[in-house]
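Below is one structure; the comments refer to it alone.
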Amino acid sequence: MIITTLDALRVIQNNTQATFTFPLYDVLSGNTKIAPKIPTLAAGSETFWLMDQGVAVPKSHYDLVGFMRDLWDDVAAIKMNGKAIAQRAAYGSPMLALDETLFKPDAYDALIEADIVGEKTGREIVVGDLTEEAAASLMRGFIRSQEK
């Protein structure tokens with residue numbers, strides 16, 4: 001499954017207590033190796049810091065959305081609590097999910113995303129008939145969103 005920045009942001013939002021690291025391709029190596037300084041998003045934070053062997057590099061912070069917008073193409077992998085959940089085979093190739101269950105939106109997330117897209121584009125969103133399972137999934141998503 002190919003993932004986008006929106007998929008990555010959704011996983012970060014749904015797992016606020018996890019620490020995320022985003023190893024970047026090293027420009028100086030011709031994008032064939034991983035840079036020694038690794039952007040890290042600490043649990044509960046919305047600011048990335050470059051970490052050099054576990055120590056934050058001064059004046060090297062990014063806000064969450066700015067990082068995803070500006071550096072997404074340079075990200076080699078996404079790690080959650082040290083475990084890779086998505087990875088690129090090589091620089092320039094698409095980001096692939098290693099754990100697809102994390103990146104699949106539930107019914108509530110999909111409905112909210114469609115509603116926001118509809119609002120921004122001025123299009124009307126038509127929702128089909130809900131099955132009992134879909135309605136339960138919507139309620140679980142709503143309850144989860146209210147707990148945060």
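The values are calculated or read from the model by the stated rules, or taken from the named source; none is laboratory data. These figures come from a predicted structure and were not determined experimentally. With ideal geometry, Cβ positions are generated from the backbone for all residues, glycine too; neighbour counts draw on all protein chains shown.
State yes or no: is Gly92 at pLDDT 80 or above and assigned by TED's automatic domain parsing to the domain that holds Pro23? Spell out the reasoning first.
On the way: at pLDDT 80 or above: yes; assigned by TED's automatic domain parsing to the domain that holds Pro23: yes.
Yes: the conditions hold for Gly92.
Within the range 104-122, identify whether any single residue is in contact (Cβ under 8 Å) with a residue 60 or more places away in the chain, assigned to a helix (DSSP H, G or I) and surrounded by 13 or more Cβ atoms within 10 Å (Cβ to Cβ), and answer yes or no.
Scanning the range 104-122, I find at least one residue that is in contact (Cβ under 8 Å) with a residue 60 or more places away in the chain, assigned to a helix (DSSP H, G or I) and surrounded by 13 or more Cβ atoms within 10 Å (Cβ to Cβ), so the answer is yes.
Restricting to the range 75-87, what's the tally of residues that are under 14 Å from the mean Cα position of the chain (by Cα), within 19 Å of Ala35 (Cβ to Cβ) and of a type outside the set (S, T, N, Q)?
7
Just a yes or no: is a residue in the range 47-63 modelled with pLDDT under 80, in contact with a helix residue (DSSP H, G or I) (Cβ under 8 Å, 6 or more places away or on another chain) and either crowded, with 18+ Cβ neighbours inside 10 Å or within 25 Å of Gly92 (Cβ to Cβ) (or both)?
The answer is yes; a qualifying residue exists.
Tell me which of these Thr32 doesn't satisfy, since it passes every other one: (1) out of contact with any helix residue (DSSP H, G or I) (no Cβ under 7 Å at 6 or more places or on another chain); (2) modelled with pLDDT of 75 or more; (3) not acidic (Asp, Glu).
Going through (1) out of contact with any helix residue (DSSP H, G or I) (no Cβ under 7 Å at 6 or more places or on another chain); (2) modelled with pLDDT of 75 or more; (3) not acidic (Asp, Glu) one by one, Thr32 breaks only (2).
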